[in-house]
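Below is one structure, written out as C-alpha cells; comments come after it.
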Amino acid sequence: MIGTLFFAASLTPSLVPRSPVIQGLLGGFCLVAGYGTGVLLRSLWLWLELPVFEGRVRAFGNGLAILACTGASALALWWASGWQNRLRALMDMPPVDGGSSLFIAGLAFGLFLVLLLIGRLIRFTAQSLTFRLGRLVPGPQAALFGIALTAALFWMIGNGVLAASALRLLDASYQKLNALFEEASPQPTEAYKTGGPGSLVAWLGLGRAGREFVSSGPNAMRISELSGLTAREPLRVYVGLNSAENPVARAELALAELIRIGAFDRANLVIVTPTGTGWVDPESQTALEHVLRGDVATVSVQYSYLASWIALLTEPAYGAETARAVFAAVYGHWTRLPSESRPRLFLHGLSLGAYNSDLSHDLHQVIADPYAGALWAGPPFASQTWRNITANRNAGSPAWLPRFRDGSVIRFTAQQNHLGDSHKPWGPYRIIFLQYASDAIVFYDPRSLWRRPAWMAQPMGPDVSPDFVWIPIVTFLQLTFDVMLATLPPKGHGHVYAFPHYVDAWASLTDAPGWTAQGLERLKRSGP
C-alpha cells in the first residue's frame with residue numbers, strides 16, 4: 001500500500017521536467033522504497049506486539065486500502081501530464097500529451113519486480129549464511145555474521161564488479177571524446193593563442209574542450225561592432241590534462257604561457273576553473289570578453305575529462321588540487337608585480353568548476369593582497385562557502401536568492417538581475433553567485449529524505465512549479481534524478497546558464513568599463 005502511494009507521489013513535479021521513460025524509472029524506485037518502508041513499519045509493529053486486526057475486519061480494511069491506493073495512483077497518472085506541462089510552461093518548453101500512463105505504470109512495476117527480486121536474493125543469502133553459521137556459533141552471533149558477510153559479498157559485486165566496470169567503460173568513452181579533433185576547432189595560426197606558433201603548449205595535448213576553448217570566441221572587430229568602442233583581441237590560455245605530468249607542472253606551464261603572450265599587461269586577468277570534462281562555458285567566456293572589451297586574459301587548466309558528477313564521485317580531491325596549484329602559481333606571480341600596473345584578478349567557475357575554484361585558496365592566503373572578485377555560477381550543493389552564506393542569509397530572503405548582510409561583498413542573482421538591489425555600493429572585493437531556482441545541482445539536499453528543504457518555502461523560485469510539494473523519501477529520490485537531468489532544460493533554466501545573465505553578472509563584477517546601460521541591454525539581445 002505504501003509503495004503504491006509512493007508511486008503516485010513520484011508523479012508530482014520536481015525541478016526538472018521528465019520524459020515517460022524517466023518517470024517510469026523514478027516511479028519504480030519510489031515503489032520499491034515505499035514497499036521497503038511498509039515492510040519495515042509492519043515488522044516494527046509486530047515486534048512491539050501492538051494489536052492487529054483479524055478476520056473480516058482485516059479483509060474489509062485491506063480491500064478498502066487497496067481501492068484507495070489504486071484510486072490515488074490512477075488519479076496521479078491522470079494528472080501527471082498536467083503537472084509536467086505546467087512546469088514545462090515555466091521553462092518555455094512545448095507541452096506533452098497524456099498518453100503515456102500505461103507505459104509509465106508498466107515500466108515502474110517492471111523495475112519494481114527486478115529490484116524486489118534482488119532484495120529477496122539478498123535476504124535469502126543472509127538467511128542461508130545465518131543457518132549454516134548457526135551450526136558453529138550461537139544464534140545471535142550467527143545472524144550478525146550472516147548479515148555482515150552478505151553485505152560484504154553484495155558490496156563487492158556491486159561496487160567492485162558492476163560499478164568498476166561501468167566506470168571503466170565511462171572512462172574509456174570520455175577519454176576518446178577528450179582526444180577527438182573537430183573541424184570546428186582548427187589549430188590557431190596566431191602566435192598569441194595557445195597551440196599556435198611559438199606556444200609552450202602543444203595543440204595535441206589540449207584535449208577536445210581545450211581546443212574548443214582556444215579556437216572559439218569573439219575577436220576585437222566583433223566586440224567593437226557591438227560596443228561601439230575600441231577593443232583588443234582577447235587572450236585565452238589553456239593547458240590540457242596531457243600537457244604535463246602533474247597539477248603543479250601544468251600550473252607552471254600555464255603561468256609560463258601567460259607570461260609569453262603578455263597576459264599580465266592586460267587590464268584584467270581571469271582564472272577559470274573548468275568543469276569535470278575540462279569544458280569552459282562559452283556563454284560566460286564570450287560575455288566576459290565583450291563586457292571587458294577584449295582587454296582580458298583568461299587561463300584555464302584541465303584536471304579531468306570525465307563528466308562533473310563522475311569526477312566528483314571518483315576523484316573529488318584532484319580538481320581541488322589542480323585549482324590550488326593554478327591559483328598559487330598565477331596569484332604568486334601577480335602579487336610580485338607593481339600593484340599600480342598589474343591587471344585586476346578575478347576567479348570564475350561553473351558547476352564543479354565553481355566548487356573547485358572556491359577551494360583553490362583560503363582567506364589567510366589572500367587577505368594581505370586580495371584579488372578583485374569571483375563569479376561562481378551553479379555552485380554545487382556541497383560548496384562550503386555557498387552553504388555557509390546561504391545558511392546565514394538575511395532574515396526574510398529566500399534560500400534560492402539570499403541576501404547577505406549589506407550586500408557590499410556578496411550578492412546573488414538569477415534570471416532577473418538582482419545585483420543592483422543592495423542599498424550599499426560594492427566594496428573593492430566582490431563575490432557573485434549566479435544560480436537558478438530550478439538548478440538541482442545547486443539545490444540538491446540529501447536531508448530532503450526526512451525534512452523539507454529551505455528553498456521550498458514560499459515564495460518559491462520563478463521557474464519552480466507551484467505543484468512541487470515535499471514528500472518524505474519521494475522528494476529525495478526526485479531530486480536525485482533531477483541532479484542527473486539538470487542540463488536537459490533549455491538555456492536559462494536548470495543547470496544551463498544563459499548569455500544575458502552572464503552579461504549582468506560580469507558587468508556588475510567588473511563595472512563594465514566604457515559600457516552604458518543601453519549598450520549592455522543591446523549586447524544581451526545580440527546573443528553570444
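The values are calculated or read from the model by the stated rules, or taken from the named source; none is laboratory data. Just so you know, these numbers come straight off a predicted model, no measurement behind them. Don't worry about glycine lacking a Cβ; one is built from the backbone with ideal geometry, like all the others, and counts go over all protein chains shown. Calculation scope for accessible area: heavy atoms of the full protein, side chains included, ligands and nucleic acids excluded. Shrake-Rupley method; radii C 1.70, N 1.55, O 1.52, S 1.80 Å.
Give me the number: length gained by fully extending Q416 to E252, i.e. 0.36 nm times residue separation minus the C-alpha to C-alpha distance, one decimal in nm.
55.1 nm is the gain from fully extending Q416 to E252.
Provide the FRET efficiency to the nearest 0.05 for the L337-K491 pair, computing r from the beta carbons and using R0 = 56 Å.
The pair L337/K491 has a calculated efficiency of 0.90.
To one decimal place, what orientation-averaged projected area in nm² is obtained for the convex hull of the Cα set of the range 206-283?
5.7
Before rounding to the nearest 500, sum -39500 (n - 2.57) across all DSSP H runs of length at least 4 in the chain and divide by the residue total; then give [θ] at 222 nm in deg cm²/dmol.
On the way: 19 runs with 263 residues, N = 528.
Taken over the chain, the calculation gives -16000 deg cm²/dmol.
Name the residues of the range 1-39 whose amide N is less than 13 Å from a point 7 angstrom out from the Cα of M93 along the C-beta direction?
Correct set: 13-23.
Report the extension gain between R451 and T70 in nm, rounded to one decimal, defined as 0.36 nm multiplied by the number of residues separating them, less their alpha carbon distance.
134.5 nm is the gain from fully extending R451 to T70.
Below 8 Å between Cα atoms, with a sequence gap of 6+, how large is the relative contact order for the chain in percent? Could you put the intermediate results ahead of the total?
On the way: 892 pairs, mean separation 76.1, N = 528.
It rounds to 14 percent for the chain.
Please compute the net charge surrounding S360, taking Lys and Arg as +1 and Asp and Glu as -1 over other residues with Cβ under 11 Å from its Cβ. All intermediate terms of the calculation are to be shown ahead of the outcome.
Numbers: positive: R324; negative: E321, D358, D362.
Residues near S360 contribute -2 overall.
Taking the range 368-523 as the region of interest, what is the percent of Cα-Cα pairs per 10 angstrom bin, listed from the shortest bin to the one with the maximum distance?
Bins of 10 Å from zero give 10, 38, 34, 14, 3, 0 percent of pairs.
How much length would be gained if the chain were fully extended between T189 and D369, taking 0.36 nm per residue of separation minus their Cα-Cα distance, in nm to one decimal?
Going from the current span to full extension adds 61.1 nm.
If I model a spin label as a point 7 Å beyond the Cα along the Cα-Cβ vector, how far apart are those points for Y318 and R260 in nm?
2.5
Which entry in (1) 22.9; (2) 30.2; (3) 27.7 matches mean projected area of the Cα convex hull in nm² derived from the coordinates of this structure?
Checked against the structure: label (2).
Can you give the FRET efficiency to the nearest 0.05 for S408 and Q127, using r as the Cβ-Cβ distance and R₀ = 56 Å?
0.30
What accessible area per residue, rounded to a whole number of Å², is obtained for the range 258-401 using a probe radius of 1.4 Å?
Counting only protein heavy atoms, the per-residue value for the range 258-401 is 34 Å².
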